[in-house]
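What follows is a single structure, written as structure tokens, with notes after it.
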Amino acid sequence: MRAVGVSLISVALTTIVIANAYYQKKQFYPSVVYITKSNPSMAVIYIQAFILVLLAGKLTRKIFFGQLRTAEFEHLMERAWYAITETCLAFTVFRDDFNPKFVALFTLLLFLKSFHWLAEDRVDYMERSPVISWLFHVRVLSLLLVLGSLDYLFVQHAYLSTMTKGASVQLVFGFEYAILLTMVVNIAIKYILHAIDLNSDTPWENKAVFLLYTELIMGLIKVILYVAFVVIMVRIYTLPLFAFRPMYYTIRNFKKAFNDVILSRRAIHNMNTLYPDATPEELQAADNVCIICREEMTTASKKLPCNHIFHTACLRSWFQRQQTCPTCRLNILRTTPTNNAQQQRQEQRPRAQPVPNPFVGPNPFVNFNPFQQLLNQNVPNPNVQAPAQDANQQGGTPNVTPTQNTQAGSSTSQQQANVPPFGMPPFMPFPFFPFVSQPPVPPQNLRSLSPEELRRMEGNERENVEARIQCLKNIQVMLDAAVLMMQQYSASVAISATMPVPQTASSTPESTSTVNTETVASNSSPKDNVTTSTSTVNNILNSSSSSSENATNSNSPSDNKIPSNLSAEEELRRRRLQRFQQPAEQQQ
Amino acid sequence: MAGSALRRLMAEYKQLTLNPPEGIIAGPINEENFFEWEALITGPEGTCFEGGVFPAKLIFPPDYPLSPPKMQFTCEMFHPNIYSDGRVCISILHAPGDDPMGYESSAERWSPVQSVEKILLSVVSMLAEPNDESGANVDAAKMWRENREEFNRIAERIVRRTLGIPT
Ligand SMILES: [Zn+2]
Ligand SMILES: [Zn+2]
């Protein structure tokens with residue numbers, strides 16, 4: 001309403017000015033001269049021109065955009081304000097060139113800029129509205145075409161003018177229109193991506209990735225343009241202060257796009273390597289609705305370590321922001337890649353069976369005795385080796401039986417316990433895999449060392465020192481293994497303490513031990529401790545003598561000899577030593 | 001296919017229309033734009049806001065539900081967790097890490113598992129039990145702690161105003 005009033009007043013004023021001039025001079029040319037000589041008349045004419053431009057702008061806006069949404073309008077006003085202040089700053093640099101033509105060109109630039117912003121907002125809006133009419137497509141396409149060709153023409157004009165007449169304010173225009181041209185390209189790419197997505201029947205999962213890379217490349221081009229512009233301006237004129245704010249935002253956006261691309265790549269990588277695809281059975285069993293998009297999961301879904309299932313694409317975009325499970329907020333980065341890769345490989349093998357949950361597996365010791373592994377490598381004793389391998393091979397299967405038994409009860413109790421294994425060091429589920437590959441040679445017995453070997457450890461030559469260092473390294477690895485085992489021990493003790501232990505579980509190792517030789521039975525003995533004496537498990541580590549007695553009651557006969565006042569740690573150490581000595585004695 | 005944010009908002013709108021929670025109405029202001037909603041929240045019974053019907057608007061980000069929406073009451077409000085301009089400050093509306101107040105636990109933070117319905121229900125319980133540690137409106141928080149009678153009087157005046165009853 002106010003706008004209409006202002007334009008009416010302006011028109012009235014202009015009419016008065018022209019009428020007055022014509023009334024005084026009676027002829028066309030003298031009237032024109034009269035108006036241009038008179039400052040007040042010129043002011044009125046300028047105002048009128050400005051209002052005409054505004055009206056023309058409104059008209060084109062009406063043609064290309066129809067009614068602006070409130071958000072679009074606010075956005076436009078905010079950006080226009082900054083653009084106007086920057087233009088005023090630019091005037092100070094080019095005050096020598098200041099003339100009406102210059103002002104008109106800047107006004108035109110502002111106008112075109114505002115249309116670019118609106119086009120950008122409109123294309124972003126495509127993703128948000130359920131109703132996109134054909135009119136929308138026609139408008140956007142024609143607008144992009146017009147803006148693109150105008151930008152191109154202005155860039156070309158600025159280039160030619162700078163080449164022929166030398167540097168002038170055209171430098172700024174050329175640069176501004178070049179930036180706008182990249183903007184048009186960016187909008188056009190976005191429009192194409194959105195249009196493809198709109199016309200497909202299924203969600204286009206890779207659209208986000210394409211958008212991300214578009215953003216990155218366009219950001220890079222803009223940054224290069226800005227840097228080049230600033231360098232040229234500094235060389236020819238002065239520091240272009242007016243370009244600093246947009247340059248800052250451009251660089252910031254580029255940095256953000258760069259970060260996003262990195263995060264997205266990492267998320268995709270994690271997605272592809274760490275987490276198993278959800279099987280159709282799992283999708284059937286679960287609620288089957290992806291909590292991120294609230295749509296059914298039919299294909300391309302991933303399962304996190306916490307057993308929550310999501311669409312691969314949904315999870316990927318979420319991981320770009322946060323590396324947690326959307327449902328239970330489990331920090332998925334705290335589980336190390338190697339560990340998860342191992343787990344995945346393990347899970348792929350017995351896919352048909354219910355996935356053996358490594359955290360509930362009650363007998364982690366059967367197959368993970370590093371010392372046993374070492375012995376297997378070192379001792380060419382078929383008696384020991386064969387059953388040991390047996391136990392290792394069975395490692396997959398015995399795991400399953402008790403797991404199946406306990407799964408129903410434990411899956412809930414496990415959730416209540418808030419999945420403690422992830423608080424544990426990352427080697428938890430398959431703790432001793434690292435040692436399979438690099439077993440150190442344990443100093444089995446000093447007697448077994450040949451005099452030559454002993455001599456090699458003496459002396460001051462390099463090889464002697466190396467031999468000593470190697471020996472120390474071996475000891476260190478052995479100690480690490482021992483620490484790992486203790487952690488494993490206390491972890492499984494903690495787990496088994498939190499859940500009821502089914503009677504059947506304790507029978508499992510027995511069945512193993514009856515089949516195998518005595519060595520294996522003693523290997524599985526720590527597991528007996530865990531399963532049979534859950535009530536006293538904590539005491540085992542508290543070195544309470546009575547509990548260690550309790551715990552060892554069920555062990556192999558050889559263990560019964562130990563005095564009851566031995567602490568748990570001593571008992572463990574003793575048993576390990578025993579295991580070292582056994583093969584050594586057998587050798588002799 | 002429409003964007004994923006749009007599809008999820010449409011799904012939530014459908015859900016809210018089919019099974020509306022008690023005392024809450026919410027939906028897009030204009031069905032051409034699903035990213036701006038209005039909501040009407042009834043003051044919970046047995047509290048000083050009982051009987052009031054409070055209008056609010058929700059603005060959703062383009063990447064919803066990865067980022068939380070913003071919520072703002074469009075009527076006058078006086079509450080420890082509502083800024084004087086109506087913006088609501090509760091933990092469910094903040095992503096972890098984004099912590100304007102500095103003492104919200106991460107458990108209640110925004111994640112895609114939350115929804116419009118959960119937000120509105122949290123706001124209802126916020127109306128019933130203000131968290132006076134969060135200082136969105138320090139005056140209201142202070143009054144809630146120290147002068148409950150005065151607080152109730154102001155709340156009652158606001159309730160009457162939302163109902164169009166002269167105060
Ligand atoms: Zn999904
Ligand atoms: Zn989870």
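Where residues in region A:183-213 are part of a helix (DSSP H, G or I) and within 10 Å of chain B (Cβ to nearest Cβ), which of them is farthest from A:Leu225 (Cα to Cα)? Ranking the qualifying residues of region A:183-213, first place goes to A:Asn199.
Within region B:25-62, being within 14 Å of chain A (Cβ to nearest Cβ) and either open to solvent by 30 Å² or more (accessible area, probe 1.4 Å) or part of a loop (DSSP other than H, G, I, E, B) (or both) holds for B:Ile29, B:Asn30, B:Glu31, B:Glu32, B:Glu36, B:Glu38, B:Lys57, B:Ile59, B:Phe60, B:Pro61, B:Pro62. Scanning region A:50-72 for residues that are open to solvent by less than 100 Å² (accessible area, probe 1.4 Å) and of a type in the set (D, E, K, R) gives A:Arg61, A:Arg69, A:Glu72. Given the criteria surrounded by fewer than 18 Cβ atoms within 10 Å (Cβ to Cβ) and within 10 Å of another protein chain (Cβ to nearest Cβ), does B:Asn19 qualify? Taking the combined requirement at face value, the residue does not satisfy it. Looking at A:Pro276, A:Pro203, can you tell me which residue is open to solvent by less than 70 Å² (accessible area, probe 1.4 Å), within 16 Å of ligand 2 (Cβ to nearest atom) and modelled with pLDDT under 85? Residue meeting the stated conditions: A:Pro276. All conditions in (1) farther than 17 Å from A:Arg245 by Cα; (2) among the hydroxyl-bearing types (Ser, Thr, Tyr); (3) surrounded by 18 or more Cβ atoms within 10 Å (Cβ to Cβ) hold for A:Tyr226, with the sole exception of (1).
Kindly indicate whether any position in region A:256-273 is within 16 Å of ligand 2 (Cβ to nearest atom), touching a strand residue (DSSP E or B) at 6+ places or on another chain (Cβ under 7 Å), open to solvent by less than 50 Å² (accessible area, probe 1.4 Å) and under 30 Å from A:Ile309 (Cβ atoms). There is at least one residue in region A:256-273 that is within 16 Å of ligand 2 (Cβ to nearest atom), touching a strand residue (DSSP E or B) at 6+ places or on another chain (Cβ under 7 Å), open to solvent by less than 50 Å² (accessible area, probe 1.4 Å) and under 30 Å from A:Ile309 (Cβ atoms). Among the residues of region B:1-16, write down those that are hydroxyl-bearing (Ser, Thr, Tyr) and more than 10 Å from chain A (Cβ to nearest Cβ). B:Tyr13 - this is the single residue of region B:1-16 that is hydroxyl-bearing (Ser, Thr, Tyr) and more than 10 Å from chain A (Cβ to nearest Cβ). For region A:182-197, enumerate the residues that are in contact (Cβ under 8 Å) with a residue 12 or more places away in the chain and open to solvent by 50 Å² or more (accessible area, probe 1.4 Å). Of everything in region A:182-197, those that are in contact (Cβ under 8 Å) with a residue 12 or more places away in the chain and open to solvent by 50 Å² or more (accessible area, probe 1.4 Å) turn out to be A:Val185, A:Ile189. Under the condition of being in contact (Cβ under 8 Å) with a residue 24 or more places away in the chain and open to solvent by 20 Å² or more (accessible area, probe 1.4 Å), the residues counted in region B:1-12 number 1.
Any residue at all in region A:135-146 that is surrounded by 17 or more Cβ atoms within 10 Å (Cβ to Cβ), away from chain B (no Cβ under 14 Å) and more than 22 Å from A:Thr60 (Cβ to Cβ)? No, there is no match, as no residue in region A:135-146 is surrounded by 17 or more Cβ atoms within 10 Å (Cβ to Cβ), away from chain B (no Cβ under 14 Å) and more than 22 Å from A:Thr60 (Cβ to Cβ). Quick check: is even one residue across region B:63-81 outside any strand (DSSP E or B), acidic (Asp, Glu) and more than 14 Å from chain A (Cβ to nearest Cβ)? For region B:63-81, residues outside any strand (DSSP E or B), acidic (Asp, Glu) and more than 14 Å from chain A (Cβ to nearest Cβ): present.
Note on region B:128-150: residues that are surrounded by 14 or more Cβ atoms within 10 Å (Cβ to Cβ) and farther than 19 Å from B:Gly52 by Cβ amount to 6. Taken over region A:290-310, the criterion of being under 18 Å from B:Leu6 (Cβ atoms), within 15 Å of ligand 2 (Cβ to nearest atom) and open to solvent by less than 40 Å² (accessible area, probe 1.4 Å) is satisfied by A:Cys290, A:Ile292. Number of residues in region A:317-359 that are more than 16 Å from ligand 2 (Cβ to nearest atom), part of a helix (DSSP H, G or I) and at pLDDT 50 or above: the value is 1.
How do the pairs read when you match residues in region A:45-60 that are within 12 Å of A:Val4 (Cα to Cα) with residues anywhere that are assigned to a helix (DSSP H, G or I) and among the polar types (S, T, N, Q), using Cβ under 7 Å and keeping only pairs 6 or more apart or on different chains? Correct list of pairs: A:Ile51/A:Ser7; A:Ile51/A:Ser10; A:Leu55/A:Ser7.
Can you pull out the residues in region A:311-323 that are at the interface with chain B (Cβ under 10 Å from one of its Cβ atoms), open to solvent by 10 Å² or more (accessible area, probe 1.4 Å) and within 13 Å of ligand 1 (Cβ to nearest atom)? Across region A:311-323, the qualifying residues are A:His311, A:Ala313, A:Cys314, A:Ser317.
Restricted to region A:65-90, and to residues there that are away from every other protein chain (no Cβ under 14 Å) and of a type in the set (D, E, K, R), the residue that is farthest from the chain's Cα centre (by Cα) is A:Glu86. Just one residue in the set A:Val123, A:Val93, A:Val131 is touching a helix residue (DSSP H, G or I) at 6+ places or on another chain (Cβ under 8 Å) and within 14 Å of chain B (Cβ to nearest Cβ); that residue is A:Val123.
Just give me the residues in region B:94-125 being part of a helix (DSSP H, G or I), at pLDDT 90 or above and in contact with a helix residue (DSSP H, G or I) (Cβ under 9 Å, 6 or more places away or on another chain), in sequence order. Within region B:94-125, B:Val116, B:Glu117, B:Lys118, B:Ile119, B:Leu120, B:Ser122, B:Val123 qualify. Kindly establish whether A:Ala243 is over 26 Å from A:Ser133 (Cα atoms), buried (at least 19 other Cβ atoms within 10 Å of the Cβ) and out of contact with any Leu (no Cβ under 6 Å at 6 or more places or on another chain). For A:Ala243, the condition - over 26 Å from A:Ser133 (Cα atoms), buried (at least 19 other Cβ atoms within 10 Å of the Cβ) and out of contact with any Leu (no Cβ under 6 Å at 6 or more places or on another chain) - is met.
The values are calculated or read from the model by the stated rules, or taken from the named source; none is laboratory data. Because the structure is predicted, anything quoted here is derived from the model rather than measured. Every residue, glycine as well, gets a Cβ built from its backbone with ideal geometry; the counts of neighbours run over all protein chains shown. Surface areas here come from the heavy atoms of the whole protein model, side chains and all, with no ligands, DNA or RNA. Shrake-Rupley method; radii C 1.70, N 1.55, O 1.52, S 1.80 Å.
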